[in-house]
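The values are calculated or read from the model by the stated rules, or taken from the named source; none is laboratory data. These numbers come from a predicted model, not from an experiment. Glycine also receives a Cβ, built like all others from the backbone with ideal geometry; neighbour counts cover every protein chain displayed. Only protein heavy atoms, including side chains, enter the accessible area calculation; ligands, DNA and RNA are left aside. Shrake-Rupley method; radii C 1.70, N 1.55, O 1.52, S 1.80 Å.
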Amino acid sequence: DPRVIGAIVPMTGRARQIGQHVSRGLMLASGSEVVGPPDSDAPQLVLRDDGGDPARAAQAVEDLVSEQRAIAIIGPLEGQAARLAAQRAQELGVPLIALVPDPSVTDPGAMVFRLVPSPRDEALALVRAATARGATRFAILRPDNGYGRAMQEAFTAAAREAGGEVVADEHYEAGATSFGTIISTLAAASFDALFVPDNGRQLNLVAPALAAAGLWSTRAGQSAPRGGRGIALLAPSVAIDPRILRSSRYFQGALFASWFHAPTASGSGRAFAD
């Protein structure tokens, strides 16, 4: 049935809060929360709770295909559950869009896609875009948490792979609101591009602090304000936030990784877009 979209999310278990957020987003996207009867061609969203259990996730794929006749499935949200669900979806020939960053989830075959990029995916995209502008020396300013460390490792490897060098790596406490001392230390280093792997709220605090220390994100070929030094500011997809646009003075020429952009998709992404 081309109107039926299946979704596998953890409504119970340890990831239930994330599952509830995803469920609400899916319902809004499908129009399920609109008052009154849906249009005849409106998508019908069918949710299944896997509770984070891989076996339940695989069974949910079976149910959504054989009983609900879903034309495609979104989810699951956890690694092993996503891998088993992807394998079953491939066997049944139904497209599945997994919501995990693990690249191995797409291994079963051409029917399985991944919406969320891995740290390596985003780091490579940012490094390539920055090197295309002439950057060879990179710096990292990151939160001291699991995400910050994972992105730091991925970015360092990507820079090395591109023939570049990470010349400075500074970190701050996750959720910090003051960066003066750390950024002063960072400003003493010589680099072309700065990678800040944090969310939009934090980046909106970091960027003015960088400018105060004389480090200005600038467009390629343009100069920084008088007394400042122009750099390329690099950020992951989690930093994309409307508040960034309202502070555009500090984000001129900044490069953001994107989850998915159809015109530039390649590989399995191109196949999905087609």
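Taking the listed residues Arg128, Arg137, the one that is charged (D, E, K, R), within 15 Å of Phe256 (Cβ to Cβ) and open to solvent by 20 Å² or more (accessible area, probe 1.4 Å) is Arg128, with no other qualifying. Just name the residue that is surrounded by the most Cβ atoms within 10 Å (Cβ to Cβ) out of those in the stretch 91-122 that are part of a loop (DSSP other than H, G, I, E, B) and either touching a Pro at 6+ places or on another chain (Cβ under 8 Å) or among the aromatic types (Phe, Trp, Tyr) (or both). Among them, the one singled out is Val100. Among the residues making up the stretch 226-253, those that are assigned to a loop (DSSP other than H, G, I, E, B) and more than 15 Å from Ala209 (Cβ to Cβ) are Arg226, Gly227, Pro236, Ile240, Asp241, Gln252, Gly253. The residues of the stretch 41-63 that are farther than 16 Å from Val94 by Cα and acidic (Asp, Glu), listed by number, are Asp41, Asp49, Asp50, Asp53. The sole residue among Ser184, Ser178 that is open to solvent by 10 Å² or more (accessible area, probe 1.4 Å) and either in contact with a helix residue (DSSP H, G or I) (Cβ under 6 Å, 6 or more places away or on another chain) or outside any loop (DSSP other than H, G, I, E, B) (or both) is Ser184.
The residue of the stretch 4-15 that is farthest from Ile73 (Cα to Cα), among those that are open to solvent by 30 Å² or more (accessible area, probe 1.4 Å) and either modelled with pLDDT of 90 or more or touching a His at 6+ places or on another chain (Cβ under 9 Å) (or both), is Thr12.
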